[in-house]
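Scroll down for the structure; my scribbles are underneath it.
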Amino acid sequence: MTRTETFRRFTIFTTGVLVCAVGIAFITRAGLGTSPISSIPFVLSLITPVSMGVYTLTFNLFFLLCESLLIGRFGVAQALQVPVTVLFSLCVDGALSLIPSQYGGPWMASAVYLAVGCVVMSLGIYLEVLADIIMLPGEAFVRALSQRIGREFGNVKVCFDSSLTAIAAAAAWWAFKRLNGVGIGTVLSALVVGQLVKGWGWLRRRVQEIN
């Protein structure tokens, strides 16, 4: 790639990371449960004084380590994931600090937050995929694992997200005797976001056809 193309792709990817973080914050602030990939950091942030962003950074660095062990190297692609993960984690905390919580509020307001969060998060993910240059550690780990065991990425991703949600639910039940941080919003975001990502791709193709 030329320098211009590389810069363009990194700009798109960075924008996607920022947008995705805002989407996660909206889903979280809906008070109906956060997205599967953020479920453990969010539940732990409810149990301890440590912020969700710090836990997000910690878990993503853990996923990066696991990815590196699976592929047997720590190359440029893995090194680039470090600053991206730091940026993503800072953006999650920043967005959470700006978006007021709807926890315990009217169901309609929570539903609107959840819908906005799913749409925004799906746009962020679509931009990350469109850039096609690097991945956040969670997705990169799933890709490495799917290649190692010879299974489709989508199937491994479903198992991965389900495992994270189950662990988060167990931690919440242990700490609060209820599923704080895990709920209908977690399930809906898992079911809807992927379809919305496809929708953004369809919309882009339609715009290109019209132009």
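Shown here is the pair-distance distribution of region 1-134: with all Cα-Cα distances grouped in 10 Å bins from zero up to the longest one, the shares run 13, 39, 33, 13, 3, 0 percent.
Remark: accessible surface ordering of 80, 127, 136, 90 (largest first) is 90, 80, 127, 136, probe radius 1.4 Å.
PRE reach from residue 1 (point 7 Å along Cα→Cβ): which of region 11-44 fall under 15 Å by backbone N? So the set is 11-17.
GNM on the chain, alpha-carbon springs under 10 angstrom: the most fluctuating residue among 189, 68, 35 is 68. Note that the chain presents 53 Å² accessible area per residue, ligands and nucleic acids not counted, probe 1.4 Å. Going by the alpha-carbon gyration tensor, a ≥ b ≥ c the square roots of its eigenvalues, is region 76-211 rounded (a/c under 1.5) or, if a/c is not under 1.5, prolate (a/b greater than b/c) versus oblate? Oblate is the answer for region 76-211, as a/c is 1.5 or above yet b/c matches or exceeds a/b.
Express in nm, to one decimal, how much length is gained between residue 205 and residue 73 on full extension, taking 0.36 nm for each residue of separation and deducting their alpha carbon distance.
43.9 nm
Whole angstrom only: what separates the Cα centroid of region 19-37 from the Cα centroid of region 65-92? Taking the Cα centre of region 65-92 as reference, the centre of region 19-37 is 22 Å away. A simple spin-label model places pseudo-atoms 7 Å from Cα toward Cβ; at residue 9 and residue 97 they are separated by 3.3 nm. One chain, two ends: residue 167 and residue 149. Fully extended at 0.36 nm per residue, the span grows by 4.2 nm beyond their Cα-Cα distance.
Per-residue 3J(HN,Hα) values for region 150-165, derived from phi via the Karplus relation 6.51 cos²θ - 1.76 cosθ + 1.60 with θ = phi - 60°, read x, 10, 5, 4, x, 5, 5, 5, 4, 5, 4, 5, 5, 5, 4, 5 Hz in sequence order (x marks Gly and Pro).
The values are calculated or read from the model by the stated rules, or taken from the named source; none is laboratory data. Source: prediction; values computed, not measured. Using ideal geometry, Cβ is built from the backbone for each residue, glycine included, and neighbour counts are taken over all protein chains shown. Ligands, DNA and RNA are excluded from the accessible area calculation, which covers all protein heavy atoms including side chains. Shrake-Rupley method; radii C 1.70, N 1.55, O 1.52, S 1.80 Å.
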